[in-house]
1. P(r) tail for region 3-207, what percent of Cα pairs lie past 24 Å?
2. Could you work out how far apart the two model spin labels at Lys115 and Leu27 are, taking each label as a point 7 Å from the Cα in the direction of the beta carbon, and quote it in nm?
3. By how many nm would the segment from Lys167 to Asp190 grow when fully extended, if each residue of separation counts as 0.36 nm and the alpha-carbon distance is taken off?
4. Using the number of other C-beta atoms within 10 angstrom as an exposure proxy, rank Ile39, Ile58 with the fewest first.
5. Rounding to the nearest 20 debye, state how big the charge dipole of the chain is about its Cα centre with +1 on each Lys and Arg Cβ and -1 on each Asp and Glu Cβ.
6. Whole-Hz Karplus ³J(HN,Hα) for region 152-159, in order, using 6.51 cos²θ - 1.76 cosθ + 1.60 and θ = phi - 60°, x for Gly and Pro?
7. Considering the dipole of region 1-140 built from charges on the beta carbon (Lys and Arg +1, Asp and Glu -1) around the Cα centre, which of Gln54, Asn23, Phe85 is farthest to its positive end?
8. Say R0 is 25 Å: what FRET efficiency, to the nearest 0.05, do Arg90 and Asn68 get from their beta-carbon distance?
Amino acid sequence: MNIEIKKSTKPIKYSDAISHLENRSKLVIKNQDKELIWILEHEPIFTAGTSFSQNDIIDKSINIYKTNRGGKITFHGPGQLMFYFVIDLRNKKKDIRKFISVIENSIIETLKEFKIECHADRENIGIWFNNKGNLEKVAAIGVRVSKWIAYHGFCLNINNDLEPYTKIVPCGISDKKVTNLSNISKVKFDKIDDILINRFILNLKNLNA
């Protein structure tokens, strides 16, 4: 599997990242460039996917960046790991649900390495932690597939500020909270990006046609 692995050490502007992913997807569809996994952090920004509602905005003073990924409204900022990709599904099983399962399983298996048990939810997409009976979201997923090239990705909350989520209805889910890994466990999450990458590449093989 010929995938370029890219890691950015400084926060990346959201619009710049999306522009890069879109350009890369066009090159991949023409077989002019490799698939991509890109790990980064964003400068603080609220983003809205294709199915968001104005009712999901609680604080009407905030600026919203509308994007073409699936999903609703969320927040990105420092302390949150962004896992972006451009993956060619043309030679794999053309099953979007199974591809989402690859993402979900990669996050769940990675968190198990840190003794954190989480799960996916078919009703509310994302990865959830059961905090004494209360489900809290620790990772959000938003994917776009065009001509069987999948891009965008997911975000994993590590030690990010959770206050901005009070200004929105995160992912359109009003009855559940958002959390981060530092609230769940005091272990150090060193090398979590490498574990995520390895799990994702390994699970992608399950889609081989």
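1. 37 percent
2. Taking the two extended label points, one gets 4.3 nm.
3. Length gained, Lys167 through Asp190: 5.3 nm.
4. Values: Ile39 20, Ile58 13.
The most exposed by this proxy come first: Ile58, Ile39.
5. I would put it at about 580 debye.
6. 6, x, 8, 10, 10, 7, 9, 9
7. Asn23
8. Values: r = 20 Å, r/R0 = 0.80.
Efficiency, from the Cβ-Cβ distance: 0.80.
Every number here is computed from the coordinates shown, using simple stated rules; none is lab data. None of these values were measured; they are calculated from a predicted model. When we count neighbours, we look across all protein chains shown, and the Cβ atoms used for this are built from the backbone with ideal geometry, even at glycine.
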